[in-house]
Protein chains: 2
Amino acid sequence: MKKLFTLWAVCILSMLTAVAQDAIFVENQEIVSPEVNADGTVTFRLVAPKAITAQVWGDFLPEGTLVDMTEENGVWTYTSEPLNAELYAYFFVVNGQTVLDPQNTYLYRNIANYYNYFIVSREKGDVGDLYSVHEVPHGDVDEVWYDSPTLGMQRRMLVYTPAGYDKGSKYPVLYLFHGAGGDEEAWIEFGRAAQIMDNLIAEGKAKPMIVVMPNGNLNAQAVAGKWSKGMYKPSFMQHTNPVPTASMEQSFPDIQKYVESHYKVLKNRQNRAVAGLSMGGGHAYAVSKEYPGNFDYIGLFSPAILYGISSNFMETNLQSLRADQKLSRQIDALKAAKPKLYWIGIGDADFLYSQNKDYRTYLDEKQFPYEYYENDGGHIWVNWRKYLTIFAQKIFK
Amino acid sequence: MKKLFTLWAVCILSMLTAVAQDAIFVENQEIVSPEVNADGTVTFRLVAPKAITAQVWGDFLPEGTLVDMTEENGVWTYTSEPLNAELYAYFFVVNGQTVLDPQNTYLYRNIANYYNYFIVSREKGDVGDLYSVHEVPHGDVDEVWYDSPTLGMQRRMLVYTPAGYDKGSKYPVLYLFHGAGGDEEAWIEFGRAAQIMDNLIAEGKAKPMIVVMPNGNLNAQAVAGKWSKGMYKPSFMQHTNPVPTASMEQSFPDIQKYVESHYKVLKNRQNRAVAGLSMGGGHAYAVSKEYPGNFDYIGLFSPAILYGISSNFMETNLQSLRADQKLSRQIDALKAAKPKLYWIGIGDADFLYSQNKDYRTYLDEKQFPYEYYENDGGHIWVNWRKYLTIFAQKIFK
């Protein structure tokens, strides 16, 4: 038995080496990177005998910092301070050139750039634990194409159905929007939405629900490479060029129609939620006020309050909010519809903080009830994963 | 309008730069790489002003070759010979260190190593065209978890449903297995199975069908990172350690049961096909002879004929085949069941060529009818994509 596998291994490995130039990687095979140590520090290792400098960029380091690695026998090493539980991104910089960690299979794409990532969990129940895959029943993720007559195209979205969906009857639905740098895969990839939902549902902390993740770039059919535009390089603000022919609030009914006709869905406001991050927070804001009474649960995560493609969104301050008659009527209508939860979360270092503060003041003036959550940090996934975790436990209950 | 977007762009870009160290990439923004030129040559460009050497590895180059790039003003360049239509993989080697192309968003993972890729299409209807996404109706891809009582675990697989599935009645099913270096995502990612099927179906060249892509590593629940083993680094022959508790042929009924109870499936042999590449060709070989009469269409792509986890698969030659009484009975039974197509495809440089030749001789001796396709090249995706394209047009007709 063992003999067979050895034979196979030799045979196929020799083939692979020829085909894939794996010889280049052989020298790296004994190296482990990153290694999360018992004390919570993390050690990064890179084999680069010819490098003059090697550094680490990581989102656990102070903003704008590269730390130097030290070299011994061609292996460059850096050990971090003890890290709190979290999902972290990093890459190496060798002689000024970005190099991904060849020992780490896990990559995350932000627009056109890749990062390695790893998870630190220090105890059961912390966020690292929550973002990890556990031996619990897993939900499915469907990559589906729906028809959007409003935008005049087929569009791709991801739909999470909870474990047991096939055996259950009907489920509530959370519509979950990504930000301006993302696409329909963002919440599943770096957002860890499937892991968060699997784990919260398994622990009984969230209701089993369907999570619908559309593409919010309304001039695109799908993530780069999955539609007929070809293998283009994604760019920031790609959703604005060309300017989309309709807004998210205008085209949203196409999404809801597809979901409610293709999935086992509870079709009432008590079982409908909408949320999103940044631009997607703007989408949740816009869609919820466009359709008062459609959602009982609304979540704005670091929202871009004034995001939109209509001309009355030219200003972002309290004065422009106060002057917007349409907004006033919509917020009044939404208030009258009495959604059960209007939840806003933002970090105190977020570049949208002051805009959000103005929006909260505006809501206060309108005596519009909302729940507010403020924490550390900026406009980052660390916060959006956290907000999803909090929001998901508050809805459909 | 434009003013708004400009404001946003400045605001958010400044945030992103701070968060994501995009400054490192700014110098690269004017560079296009790879660029497929009008004459079919391809130009690769890399900004690396501090590099002493920069090279390209690519599967369009002679095996085992790295070609040197030339430098001007810090930009390294290499232009290939004219390339035939195909999907090609490559990466850079800077000062001996593997570096992915920062201008190319498209990556493919082979076991633990990443490659950039690009497509060359020289005319409509060539393989590059076939592997590209076109403005045709797209099928969905479901990432589902099914119960395998035989293996004692929940397992993940990908299921392609053709465009119009929701409106259609019932569909034939192709079960499609990956190789020893792959997982349930292999056929969708580098295998371009969704694009091949979308395009063939849209052109009327293949019947609309469901394509089921299980995980063939029977000691794993899923691709690395998607199950509770954690964020481990995948290794070659990972499917053998630990030795799985059951074989693909033993556990296959769990897959078929799930598919036939969860999808709109024509449940008869005329509408059931099985195929696979390398180890997965061995799975198709094993499953088809274990269940004669279950499949009318069987496809072995560069198959590992003697792959299995039982001890009578210790030898790979004509003598061992002739001496295998169980195999003889199974092939007789399969012959008696008269499947409509038993298709074998292999490249003349494949390291499994001689084993396959022995198997064909064995089948000839048994007067077992099969269709044989031989072409150039080795044990590579170029061939497996081609075999899927050919096989998919032959089945369910």
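The values are calculated or read from the model by the stated rules, or taken from the named source; none is laboratory data. Small disclaimer: the values here were computed from a predicted structure and weren't measured. Using ideal geometry, Cβ is built from the backbone for each residue, glycine included, and neighbour counts are taken over all protein chains shown. These accessible areas exclude ligands, DNA and RNA; they are computed on the full protein's heavy atoms, side chains included. Shrake-Rupley method; radii C 1.70, N 1.55, O 1.52, S 1.80 Å.
Scoring residue A:236 on the criteria (1) of a type in the set (Phe, Trp, Tyr); (2) away from chain B (no Cβ under 14 Å); (3) more than 28 Å from residue B:163 (Cα to Cα) leaves a single failure, condition (2). The test for being in contact with a Lys or Arg (Cβ under 7 Å, 6 or more places away or on another chain) and within 7 Å of chain B (Cβ to nearest Cβ) does not hold for residue A:135. Quick check, is residue A:110 under 15 Å from the mean Cα position of the chain (by Cα) and modelled with pLDDT under 95? So residue A:110 passes the test. When A:235, A:288, A:251 are screened for being closer than 12 Å to residue A:175 by Cβ, of a type in the set (Ser, Thr, Tyr) and either open to solvent by less than 20 Å² (accessible area, probe 1.4 Å) or not in a helix (DSSP H, G or I) (or both), only A:288 passes.
Restricting the range A:66-88 to residues that are within 29 Å of residue A:131 (Cα to Cα) and out of contact with any strand residue (DSSP E or B) (no Cβ under 8 Å at 6 or more places or on another chain) leaves a set whose member that is most open to solvent (accessible area, probe 1.4 Å) is A:81.
Within the range A:263-275, is even one residue within 14 Å of another protein chain (Cβ to nearest Cβ), more than 29 Å from residue B:192 (Cβ to Cβ), open to solvent by 50 Å² or more (accessible area, probe 1.4 Å) and assigned to a loop (DSSP other than H, G, I, E, B)? The answer is yes, given that some residue of the range A:263-275 is within 14 Å of another protein chain (Cβ to nearest Cβ), more than 29 Å from residue B:192 (Cβ to Cβ), open to solvent by 50 Å² or more (accessible area, probe 1.4 Å) and assigned to a loop (DSSP other than H, G, I, E, B).
Within the range B:105-120, can you find the residues that are among the hydroxyl-bearing types (Ser, Thr, Tyr) and touching a residue at least 24 places away in the same chain (Cβ under 8 Å)?
B:108, B:115, B:117
Pairs are defined by a Cβ separation below 7 Å, a sequence spacing of at least 6 or placement on different chains, a first member in the range A:322-350 that is more than 24 Å from residue A:395 (Cα to Cα), and a second member that is surrounded by 14 or more Cβ atoms within 10 Å (Cβ to Cβ) and not acidic (Asp, Glu); the pairs so defined are A:322/A:362; A:327/A:321; A:349/A:377; A:349/A:378; A:350/A:302; A:350/A:378; A:350/A:379. Working carefully through the options B:60, B:44, find the one that is open to solvent by less than 70 Å² (accessible area, probe 1.4 Å), within 24 Å of residue B:110 (Cβ to Cβ) and not in a loop (DSSP other than H, G, I, E, B). Being open to solvent by less than 70 Å² (accessible area, probe 1.4 Å), within 24 Å of residue B:110 (Cβ to Cβ) and not in a loop (DSSP other than H, G, I, E, B) holds for just one of B:60, B:44, which is B:44.
Report, by residue number, each residue of the range A:163-188 that is over 15 Å from residue A:220 (Cβ atoms) and within 11 Å of chain B (Cβ to nearest Cβ).
Listed by number, the residues that qualify are A:163, A:164, A:165, A:166, A:167, A:188.
Checking each residue in the range A:358-387 for being not charged (D, E, K, R) and not in a helix (DSSP H, G or I) picks out A:367, A:368, A:369, A:370, A:372, A:373, A:375, A:377, A:378, A:379, A:380. Residues of the range A:347-379 that are of a type in the set (A, V, I, L, M) and modelled with pLDDT of 95 or more: A:349, A:363. Would you mind stating whether residue A:281 is in contact (Cβ under 8 Å) with a residue 12 or more places away in the chain, outside any strand (DSSP E or B) and on the phi > 0 side of the Ramachandran plot? Against the criterion (in contact (Cβ under 8 Å) with a residue 12 or more places away in the chain, outside any strand (DSSP E or B) and on the phi > 0 side of the Ramachandran plot), residue A:281 does not qualify.
Restricting A:296, A:348, A:324 to those that are acidic (Asp, Glu), farther than 24 Å from residue A:183 by Cβ, in contact with a Lys or Arg (Cβ under 8 Å, 6 or more places away or on another chain) and surrounded by fewer than 23 Cβ atoms within 10 Å (Cβ to Cβ) reduces the list to A:296.
Tell me the residue from B:318, B:306, B:327 that is in contact with a helix residue (DSSP H, G or I) (Cβ under 7 Å, 6 or more places away or on another chain), over 24 Å from residue B:269 (Cβ atoms), more than 14 Å from chain A (Cβ to nearest Cβ) and aliphatic (A, V, I, L, M), please.
B:318
Output the residues belonging to the range A:123-162 that are assigned to a loop (DSSP other than H, G, I, E, B) and open to solvent by less than 40 Å² (accessible area, probe 1.4 Å). Within the range A:123-162, A:126, A:132, A:133, A:136, A:138, A:139, A:151, A:162 qualify.
Please count how many residues of the range A:358-373 are closer than 13 Å to residue A:302 by Cβ and surrounded by fewer than 14 Cβ atoms within 10 Å (Cβ to Cβ). Residues flagged as closer than 13 Å to residue A:302 by Cβ and surrounded by fewer than 14 Cβ atoms within 10 Å (Cβ to Cβ) within the range A:358-373 amount to 1. Here is the figure for the range A:97-122: residues that are at the interface with chain B (Cβ under 7 Å from one of its Cβ atoms) and assigned to a loop (DSSP other than H, G, I, E, B) total 6. Among the numbered conditions (1) out of contact with any helix residue (DSSP H, G or I) (no Cβ under 7 Å at 6 or more places or on another chain); (2) more than 19 Å from residue B:385 (Cα to Cα), the only one that residue B:334 does not meet is (1).
Can you confirm whether the range A:205-216 contains a residue that is more than 21 Å from residue A:267 (Cβ to Cβ), within 16 Å of the chain's Cα centre (by Cα) and not in a strand (DSSP E or B)?
Yes: the range A:205-216 contains one or more residues that are more than 21 Å from residue A:267 (Cβ to Cβ), within 16 Å of the chain's Cα centre (by Cα) and not in a strand (DSSP E or B).
Listed here are the residues, each with its yes/no results for (1) open to solvent by less than 20 Å² (accessible area, probe 1.4 Å); (2) more than 21 Å from residue A:141 (Cβ to Cβ); (3) of a type in the set (A, V, I, L, M); (4) touching a strand residue (DSSP E or B) at 6+ places or on another chain (Cβ under 9 Å).
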{"site": "B:170", "(1), (2), (3), (4)": "no, yes, no, yes"}
{"site": "B:187", "(1), (2), (3), (4)": "yes, no, no, yes"}
{"site": "B:200", "(1), (2), (3), (4)": "yes, yes, yes, no"}
{"site": "B:210", "(1), (2), (3), (4)": "yes, no, yes, yes"}
{"site": "B:215", "(1), (2), (3), (4)": "yes, no, no, yes"}
{"site": "B:222", "(1), (2), (3), (4)": "yes, no, yes, yes"}
{"site": "B:231", "(1), (2), (3), (4)": "no, no, yes, yes"}
